[in-house]
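Reviewing the structure listed below.
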Amino acid sequence: MRRRTFVTLALAGLVGGAGCLDRAQGPAEGAPKSVSDSRPVSGLVPDLPVTEKTDIVKRGVESAPVTIADLDAFRTALEERDVVVERLESNDGYLALDHPFDDGGLADPLGVVAGCYAAYVGGADDRRTLSATTFFEGEPVGEYAVLAAWVDEYERGVLTTKEYGEKVLGTVTTA
């Protein structure tokens, strides 16, 4: 009986820690990692008496302007919404963004970036994936991505604002 308990606990530990081995390696040097499609659950859960991360992300998405015409305007829109842009570059096939976040957490700046990216995709007609590296106290601590296909679904009403934000939040990897 003890052996069965040990094996069960060991397997649970391996499965639970499986995603923890992927580490952020600093600012994005190459193309963004492949992002698997996820299925948002925000429409399936009841309203809760607490502020959820997805609600914070939703507010950030909604704070974006309607359209953003070019990369310089994208940077300006982010900075006007208190996202400090350390790097914003156009690379082959993707956009690279580095930005810090503070003790308030990542949900707010992630929502702002997702919202401004949606406005940029629509205004500049740029279909490249956004690959973001996040920093806390000067150290790289994670990455996330935003796909133009998700913007299309959001713009067509297939995804709600909360679901769009949840898809982006689902790509976050931490160091």
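The values are calculated or read from the model by the stated rules, or taken from the named source; none is laboratory data. Every value quoted in this text rests on a predicted model; they were computed, and no experiment measured them. Every residue, glycine as well, gets a Cβ built from its backbone with ideal geometry; the counts of neighbours run over all protein chains shown. When the accessible area is computed, the model is the full protein with side chains, heavy atoms only, and any ligands, DNA or RNA have been set aside. Shrake-Rupley method; radii C 1.70, N 1.55, O 1.52, S 1.80 Å.
What to note about this one:
- Net lengthening on full extension, Glu52/Arg156 (0.36 nm per residue, minus Cα-Cα): 34.9 nm
- The packing ranking, built from the mean of other Cβ atoms within 10 Å per residue, places the peptides 120-129, 141-150, 105-114 in the order 105-114, 141-150, 120-129, highest first.
- The stretch 77-175 - charge dipole about Cα centre, Lys and Arg +1 at Cβ, Asp and Glu -1, debye rounded to 20: 400 debye
- Calculated accessible area for the stretch 80-175 comes out at 41 Å² per residue, all protein chains present (probe 1.4 Å; ligands, DNA, RNA ignored).
- Listed by chain and number, the aspartates and glutamates whose C-alpha is less than 13 Å from the C-alpha of Lys58, apart from same-chain residues fewer than 8 away, are Asp108, Glu163, Glu166.
- Fraction of antiparallel bridges per DSSP, the stretch 42-175 only, in percent to nearest 5: 65 percent
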